[in-house]
Amino acid sequence: MADRPAPYTIAIIGGGVSGPVLALTILSNPVLKERYKPVIYERLARPKPSAFPDSKSRGENESTHAPSAATYAAGAAVALTSNALYPLYILGLRDSLDSISSETARIKIWRAWDTGKHKYCQQLNNPNWQEDLGTNLRVVERAGLQRVVLDRVQELGGEVIWERKVTDVKSATGGGVKVCFEGGMQVEANLVVGADGGWSVVRRHIMATAAAADGGHGADRWKPEFAYADGIYGVSKPMDRACSTKCEENMQDGDTHWVLLDSGTASTWALPGGRQFWSISFPSNLPPKRMTAAEHLQKQKVDKSYGADLILGGYDLQETRGILKRHENAFHPIAGNFEELYKRSERIVRAPLWYHAWEESEIGGKNIVVIGDASRLMLPTSGQG
C-alpha cells in the first residue's frame, strides 16, 4: 500500500476569530484534516495555562498552546447574528458559546439629549430570531469567543504558535509561500491564509504584487478607508436597579438599548452576569496616527475622573475626556446617565472606524488568500458584529 502524501501546510496568520474558525472547519472534517494541516501564527504573547480556570487542565507539553486572558487585547464585544451562529453551532460550539453569551430578545430605541432630557421611541422584539437555531442574536465578548474557538482547535490537534508577528510574505521555490516574522525567523507553507485584520500584511503583499505587475499603480489600495467617524466603547461591571433613580423602569434581562444622541449614537448590549458592553459613535474629521501594540500600551492612561483604564487608540487624552464629559448627563437606560456608566466600566477604549470591501483580485493570489476583516472590513452598523 502506497504511503499517503504529507498534508499541505496552511499557515493561518492571525488568531482572532476568522483564522481559528477556518482551522476548526478543517480539523472537524475527516477528509480535510487528512489533506491539510492548519498552523495558526498569532502575534500576541504566549499565554499562561492557568489564566482561564474553566479551561481543561493540560500537560506540560501542551502549555504553550493554551489560551490566556493576557493573550487577547482588551477588545470589545460582538453581536452574533444568525449568519455567524450557524457555522459556530455546526462546528460543535453551541453549548460553550451559549454559556458565555447573552441572548438579545428586545432592542429598545431612545432619544437622549446632553441636558438629561430623554424620550422613548420604539422597540424591536425578537431581533434576528431563527426558528431552526432557537435563538435571537447573541452578544459575547470577543476574548471569550476567541478562547472558545481556540480551545476546540487545540482539542482536535491544531497548532497555535504565539509571539509570531508577520513582517512580510514572499513566493517560495516549488510554488509555496515563505512567511517572514519579526526577528528574522521564516517558515514555508504550501498555502497562506491572512486572517490578520483590516491592516493585513498578507493583503499588502497580494496587492503589492498586483501593483508591480501594473507598473506600480494602486500601491496604496491595500489600506482601509477612514469612515470619518470614531467611537468610544467599554465593558461595565454588573449594575442593579439601585444604581440610579433615573433607570428605565420596564427593564428585562438581555435588553439591548440604542440611544440617539445630539451628535452620534450610543448602544448598550447585555452580557452574561449583568455586565454591559456599551459604545458611543460620532463624526470625526481625521484619523489618529497609527501606533504599534507597544505604543498603545504606553499611551494607556488611568482616567482619574472615572477610575477605569482609558486606552486612547492614538487620540489625545484631553480631547477624549472632553467627549466623555459632554455626554455625562445624557440619559442612559441602564445606568441612569453616562457618567454613572463610565464609573462602572472596567475599561474604556477609543478607536477610529475603518471600512473597505476589496475586489476579488485584491484578496487572493497564487497559494495565498485573505479572509475576515482582511478581505472585507465592515463598520459596526453593518450588523455583522
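Let's see how each residue does on (1) of a type in the set (S, T, N, Q); (2) within 17 Å of the chain's Cα centre (by Cα); (3) assigned to a strand (DSSP E or B); (4) closer than 25 Å to Thr265 by Cα:
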position: Gly116; (1), (2), (3), (4): no, no, no, yes
position: Pro127; (1), (2), (3), (4): no, no, no, yes
position: Val139; (1), (2), (3), (4): no, yes, yes, yes
position: Leu145; (1), (2), (3), (4): no, yes, no, no
position: Val148; (1), (2), (3), (4): no, yes, no, no
position: Arg152; (1), (2), (3), (4): no, no, no, no
position: Gly157; (1), (2), (3), (4): no, no, no, no
position: Val160; (1), (2), (3), (4): no, no, yes, no
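Okay, residues lined up against (1) modelled with pLDDT of 95 or more; (2) farther than 28 Å from Gly92 by Cβ; (3) small (Gly, Ala, Ser):
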| site | (1), (2), (3) |
| --- | --- |
| Val153 | yes, no, no |
| Ser171 | no, yes, yes |
| Gly174 | no, yes, yes |
| Cys180 | yes, yes, no |
| Val192 | yes, no, no |
| Val201 | no, yes, no |
| Ile206 | no, yes, no |
*Does the stretch 150-166 include one or more residues that are within 21 Å of Gly254 (Cα to Cα) and open to solvent by less than 60 Å² (accessible area, probe 1.4 Å)?*
no
_I'd like to check which strands (runs of 3 or more DSSP E) are fully inside the stretch 278-385 and have at least 2 residues that are at pLDDT 90 or above._
345-357, 368-370
*asked:* So the check is Cβ under 7 Å with 6+ separation or different chains; which pairs have a first residue in the stretch 252-269 that's closer than 21 Å to Pro283 by Cβ and part of a loop (DSSP other than H, G, I, E, B) and a second one that's open to solvent by 10 Å² or more (accessible area, probe 1.4 Å) and small (Gly, Ala, Ser)?
replied: Gly264/Ser281
*Look at Ala66 and say whether it is open to solvent by 40 Å² or more (accessible area, probe 1.4 Å) and either hydrophobic (A, V, I, L, M, F, W, C) or at pLDDT below 95 (or both).*
no
*All but one of (1) within 14 Å of Ile13 (Cα to Cα); (2) in a loop (DSSP other than H, G, I, E, B); (3) open to solvent by less than 20 Å² (accessible area, probe 1.4 Å) hold for Leu133, so report the exception by its number.*
(1)
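The values are calculated or read from the model by the stated rules, or taken from the named source; none is laboratory data. Keep in mind the model is a prediction, meaning the values are calculated, not measured. Cβ sites come from the backbone with ideal geometry, for glycine too, and all protein chains shown count toward neighbours. Note: areas computed on protein heavy atoms with side chains; ligands, DNA, RNA excluded. Shrake-Rupley method; radii C 1.70, N 1.55, O 1.52, S 1.80 Å.
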